[in-house]
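A.B. asks: After the structure tokens below, expect a handful of questions from me.
The values are calculated or read from the model by the stated rules, or taken from the named source; none is laboratory data. In this text the structure is predicted, and so the values were computed from the model without any measurement. Glycine gets a Cβ as well: all are built from the backbone with ideal geometry, and neighbour counts include every protein chain shown.
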Amino acid sequence: MKINKEITFHSVLWLILSQCPLAWSDCGCQTPDREAIADKEPATVPEQVCQKARGANSHYRDYYGELENSASKEDVEEEEFPGMSIIPGGTVKVGTDKPHFGQDREAPERKVKVADFYMDKYEVSNDAFEQFVLATNYTTEAERFGDSFLFKTLLDAAEQKQLEDFRVASAPWWYKVKGVSWRHPYGPASSLDGLGQHPVVHVSWRDARKYCQWAGKRLPTETEWETACRGGKEGKLYPWGNKLMPRDQHWLNIWQGEFPDGNLADDGFEFTCPVDAFRQNVYDLHNMVGNVWEWTADLWDATDVSLNPNRVKKGGSYLCHKSYCYRYRCAARSQNTEDSSAGNLGFRCAKDA
């Protein structure tokens, strides 16, 4: 697929929230699609992102249940599929009646039926993906295209200036950079040294599906992903409950500080973290929210029959913050085209029980 330097971005409208129409209100994680790159004149980054009014989200700050420390039945039994947890099905609630982003179709809360299934405890790591590549000689789409999307803080000032015409117009902190791929996740000169147990990134939906097939697994459906994320709880924001920092501890890898510059990394990680860094619920699932977005099997629009449709992704990433991209909630959702890749987008696998 040939990408021109100057392409009009078609989905800018979703970025503008009604309550703050003149300020950036999103990290632009949906925007690094290969079908859309920068306008000729990239937008200027505003001085301040939209801040919610005090008390506007008070319904999010109710009782939380802390992550149980006792071993579950699945913890003590021998695993049938190492590295995976059995997720009990049945009639479960997904979605929310208190959506934060109406355009993301988070509402309504609804009951759905799901069969028991297995879910990877961890996002697929660089080491695991490398085994797949060595076994199959697979080439990712980013490698075939010759580029992928990189966040601005991974580029120095000179590189940002040089690549300013290759920014996403509606999210100018995203740059399309040549030579970036899963092998070179932080830039064309970077490597995987020290990142073996970090999640593989710069992988498209099609890349993820190929890996899952090789591993004898599949991508989870959105319903399965959300069921696993909720950890058997109903009506909770996060895999562990409603409080972001139980016991004043960080339970996920997200942005702290002022976006899009100045990540304070109070959670210990400026960029991605190891796939086993944050255990988040009693299903022994790690990094379900935060760290990297995760592809699911589902179409964003079930009627989309185009050659490159949008697919649902879940979980948010290390670039998320409540003031502009509050998508590290179980009910939150976003989308990218199947061939899209970025430095905060990975996946985990599921399997029928």
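A.B. asks: Can you run down the residue pairs with Cβ atoms below 6 Å, 6 or more apart or on separate chains, where the first is in the stretch 235-255 and in a loop (DSSP other than H, G, I, E, B) and the partner is modelled with pLDDT of 95 or more and among the basic types (Lys, Arg)?
C.D. replies: Leu237/Arg329; Asn242/Lys236
A.B. asks: Only residues that are on the phi < 0 side of the Ramachandran plot and either at pLDDT below 95 or part of a loop (DSSP other than H, G, I, E, B) (or both): list them for the stretch 174-184, please. Spell out the reasoning first.
C.D. replies: First, the residues of the stretch 174-184 that are on the phi < 0 side of the Ramachandran plot: 174-178, 180-184.
Val180, Trp182, Arg183 - these are the residues of the stretch 174-184 that are on the phi < 0 side of the Ramachandran plot and either at pLDDT below 95 or part of a loop (DSSP other than H, G, I, E, B) (or both).
A.B. asks: Across the stretch 296-331, which residue is farthest from Thr223 (Cα to Cα) among those that are surrounded by fewer than 24 Cβ atoms within 10 Å (Cβ to Cβ) and small (Gly, Ala, Ser)?
C.D. replies: The residue in question is Ser323.
A.B. asks: Considering each of Val289, Val282 in turn, give the residue that is at negative phi, in contact with a Pro (Cβ under 8 Å, 6 or more places away or on another chain) and part of a loop (DSSP other than H, G, I, E, B). Reasoning before the result, please.
C.D. replies: Details: Val282 fails: in contact with a Pro (Cβ under 8 Å, 6 or more places away or on another chain).
Among Val289, Val282, only Val289 is at negative phi, in contact with a Pro (Cβ under 8 Å, 6 or more places away or on another chain) and part of a loop (DSSP other than H, G, I, E, B).
A.B. asks: Would you say Ala228 is crowded, with 17+ Cβ neighbours inside 10 Å and under 26 Å from Tyr118 (Cα atoms)? Reasoning before the result, please.
C.D. replies: Details: crowded, with 17+ Cβ neighbours inside 10 Å: yes; under 26 Å from Tyr118 (Cα atoms): yes.
Judged against the criteria, Ala228 is a match.
A.B. asks: Right, another one. Trp255 - would you say it is of a type in the set (Phe, Trp, Tyr), touching a Ser or Thr at 6+ places or on another chain (Cβ under 6 Å), surrounded by 24 or more Cβ atoms within 10 Å (Cβ to Cβ) and at pLDDT 95 or above? Spell out how you get there, then give the answer.
C.D. replies: Values: of a type in the set (Phe, Trp, Tyr): yes; touching a Ser or Thr at 6+ places or on another chain (Cβ under 6 Å): no; surrounded by 24 or more Cβ atoms within 10 Å (Cβ to Cβ): yes; at pLDDT 95 or above: yes.
Considered against the rule, which asks whether it is of a type in the set (Phe, Trp, Tyr), touching a Ser or Thr at 6+ places or on another chain (Cβ under 6 Å), surrounded by 24 or more Cβ atoms within 10 Å (Cβ to Cβ) and at pLDDT 95 or above, Trp255 comes out as no.
A.B. asks: Filter the stretch 90-103 down to residues that are assigned to a strand (DSSP E or B) and either modelled with pLDDT under 95 or buried (at least 18 other Cβ atoms within 10 Å of the Cβ) (or both) and give me whichever is nearest to the chain's Cα centre (by Cα). Talk me through it step by step, then tell me what you get.
C.D. replies: Taking the stretch 90-103 as the starting set, the residues that turn out to be assigned to a strand (DSSP E or B) are 90-94.
With the extra rule that they be either modelled with pLDDT under 95 or buried (at least 18 other Cβ atoms within 10 Å of the Cβ) (or both), the set shrinks to 92, 94.
Numbers: Val92: 23, Val94: 18 Å.
Once the filter is applied, the top-ranked residue is Val94.
Matching residues to (1) without any contact (Cβ under 8 Å) to a residue 60 or more places away in the chain; (2) among the polar types (S, T, N, Q); (3) closer than 21 Å to Trp205 by Cβ:
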residue	(1), (2), (3)
Cys273	no, no, no
Asn281	no, yes, no
Val289	no, no, yes
Asp301	yes, no, yes
Leu307	yes, no, yes
Arg311	no, no, yes
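A.B. asks: Can you work out which of the residues in the stretch 272-295 that are among the acidic types (Asp, Glu) and over 12 Å from Ser125 (Cα atoms) is surrounded by the fewest Cβ atoms within 10 Å (Cβ to Cβ)? Show your work before the answer.
C.D. replies: Our first condition is that a residue be among the acidic types (Asp, Glu); within the stretch 272-295, this holds for 276, 284, 294.
Filter once more, so that each one left must be over 12 Å from Ser125 (Cα atoms): 284, 294.
Values: Asp284: 18, Glu294: 27.
Filtering the stretch 272-295 for residues that are among the acidic types (Asp, Glu) and over 12 Å from Ser125 (Cα atoms), the one surrounded by the fewest Cβ atoms within 10 Å (Cβ to Cβ) comes out as Asp284.
A.B. asks: Further question: Which of the residues spanning the stretch 220-234 are among the small types (Gly, Ala, Ser) and assigned to a loop (DSSP other than H, G, I, E, B)? Even if it seems obvious, please write down each step before you answer.
C.D. replies: Taking the stretch 220-234 as the starting set, the residues that turn out to be among the small types (Gly, Ala, Ser) are 228, 231-232.
Once the filter is applied, which keeps residues that are among the small types (Gly, Ala, Ser) and assigned to a loop (DSSP other than H, G, I, E, B), the stretch 220-234 yields Gly231, Gly232.
A.B. asks: Out of the residues in the stretch 161-207 that are crowded, with 21+ Cβ neighbours inside 10 Å and of a type in the set (Lys, Arg), which is farthest from Ala128 (Cα to Cα)?
C.D. replies: Of everything passing the filter in the stretch 161-207, Arg167 is farthest from Ala128 (Cα to Cα).
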